[in-house]
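Here's the structure we're looking at; comments come further down.
Bear in mind that the values in this text are calculations on the coordinates, not laboratory data. Given the structure is predicted, the values throughout are model-derived calculations rather than measurements. With ideal geometry, Cβ positions are generated from the backbone for all residues, glycine too; neighbour counts draw on all protein chains shown.
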Amino acid sequence: SAVNHGPTGQAIAPAGFVSPNGPEVAAAEARRRPGPERKVALTATETTLDLGGRTVRSWAYGDRLPGQEVRATLGDTLALTLANHLPQPTSLHWHGLALRNDMDGVPGVTQEAVRPGASFDHRFALSHPGTYWLHPHSGVQQDRGLYAPLIVEDPKEPLRYDREWVVVLDDWLDGVDGSTPDAVLAELAKGMGGMDHSSHGMPGMDMGGGTPTPATGPSRMLMGATSPLLGGDAGDVAHPFHLVNGRLPSAPETFTAKPGDRIRIRLINAGGDTAYRVALGGHELTVTHTDGFPVEQATTQALLLGMGERYDVLVTVKDGVFPLTALAEGKNAAALAVLRTGGGAAPDASVRPAELDGRLLTAGQLKADASVRLPAKAPDRTVRLELTGGMAKADWAFNGRRYDPAQRYPVAAGERVRLEFRNSTSMWHPVHLHGHSFALGADGPRKDTAIVLPGTTLAVDFDADNPGLWMVHCHNVYHSETGMMTVLGYH
Ligand code: C2O
Ligand code: CU
């Protein structure tokens, strides 16, 4: 391998590429003017989680699901110590942040993994406000429950609202000892292509809380026809647990407010393999941000979130009890939370608000707010990444080559770079770029994760202004883990 390890233990880039701990990285960090320290301690640990009437053994941050929220203020220096109490090496990645490269948390590329029993001090400037999240960049650990929201507040932000609700969606997939995801991977590798846990069983799960509600109901007939995710997931993949903020639909979280309150909802899809169609019964959603960056406000009845995507919406809430439903796209299973401003019975777990079938907004319909629009410029360089592979062989890759940590697509500081994703597979993929935000088309929103539909090409542009080695990958954790992942290297 061309990646070797220097005296500090950090990965050093192959000759000709900027090193994650090189002077260019330090200089970029100094330009962010790191401010006062915000100290946080986070523990990754094996634990028992209560999903609402059902307890499971799994992995989490700080004994809870989602993990303890990290909240800081724009300009802060985040000083977060991660203690690894897991039986495996882990890492911490800050999804969406343009941060210093040697804190990006990609083992073997930007730093070494944090060994069991060890800890790592992350320290970096928070240079952009918004809704982000954090998760390991180690195999499919994220899917075991290792994720947490990260909110960077901007005291000068013009939005006015009465309350804020952070809503984290997850297709929780684990079996107690952490073995299920590997079993799933093995299955994928063998070409069986299924992830139906009813055939694995969930060893060690507390079955005292009632029978599980597997997603075995008939698919909604219209879903295939109306879903923008043409083709959808291959096969009828049944994840038993669709969660909002770590809660099952049978025991949902209830968020209380007063009628007339303006609520900011920060939606985060932390799922490993599921796009969610989200709607709030009886209400329209006013979208204000996606992936941390403001957009020209647009109203919609439903939103589609691929894995890794975030949307901030404003809602002026009516009087009553309303389901916030996140439908697993193309399936009949949903995650649920409840917004309550008055009396009335809680919605049934099977409720499907009509808004789910109403106007559906996807990122391509949004425009960036003028303050964050990427100035028009012809690209200096185009990096072409063809999404290749398929479910049968689980040979997901870019340009037919599975992930090789020693391979880099070069970019140079100061360039306007175009990433051109051509999807030659029969599935959709949420592609994600580390350390930067890209523009989705000329006036399009600034994002770090975007859905590429089957048979289409998506071009996104970004300014190469953050030196280092940065991952580009599909945010379906099974696709990235089996090879749809690569590295952009500043040279
Ligand atoms: Cu959330 Cu490399 O990603
Ligand atoms: Cu993918």
Enumerate the lysines that K367 could reach by cross-link, defined here as Cα to Cα under 24 Å, with residues fewer than 8 away along the same chain left out. K156, K377, K447
State the Kirkwood hydrodynamic radius of the stretch 233-358 in Å, one decimal place, computed from all pairs of distinct Cα atoms. 14.8
For the stretch 370-490, with only Lys/Arg (+1) and Asp/Glu (-1) charged at the beta-carbon, what is the dipole magnitude about the Cα centre, in debye rounded to 20? 120
On a straight-distance basis, which lysines could pair with K393 in a cross-link, Cα separation under 28 angstrom, same-chain partners fewer than 8 positions away excluded? K190, K331
Note down the nm distance, to one decimal, between modelled labels 7 Å out along Cα→Cβ at T55 and at K258. 3.9
Point-charge dipole on Cβ atoms (K/R +1, D/E -1) for the stretch 39-132, about Cα centre, debye to 20: 120
For the stretch 370-490, max minus min Cα coordinate along each principal axis, in Å, sorted largest first? 44, 28, 20
Across the stretch 251-262, in residue order, what do the Karplus-derived ³J(HN,Hα) couplings come to in whole Hz, using 6.51 cos²θ - 1.76 cosθ + 1.60 with θ = phi - 60° and x for Gly and Pro? 9, x, 5, 10, 9, 9, 8, 9, x, x, 5, 9
Taking a cut-off of 17 Å between Cα atoms, list the aspartates and glutamates near K318, but don't count ones fewer than 8 places away on the same chain. D162, E164, D261, E284, E355
Determine, for each peptide in 399-411, 89-101, 444-456, the mean count of other beta carbons within 10 angstrom over its residues, then list the peptides with the highest first. 89-101, 444-456, 399-411
Between T286 and T48, with labels modelled 7 Å along Cα→Cβ, what's the label distance in nm to one decimal, could you check? 4.6
Rounded FRET efficiency, nearest 0.05, which uses the C-beta distance separating A83 from R160 and R0 of 41 Å: 0.60
Quick one: which of 322-332, 156-166, 59-69 comes out on top by average Cβ neighbours within 10 Å, and what's the full order, highest first? 322-332, 59-69, 156-166
Could you tell me the convex hull volume per residue, in Å³, taken over the Cα atoms of the stretch 419-491? 89
Classify the stretch 4-157: rounded, prolate or oblate, from the alpha-carbon gyration tensor (a ≥ b ≥ c, eigenvalue square roots; a/c under 1.5 rounded; otherwise prolate if a/b is larger than b/c)? oblate
Order the peptides 333-345, 367-379 from the highest to the lowest mean number of other Cβ atoms within 10 Å of their residues. 333-345, 367-379
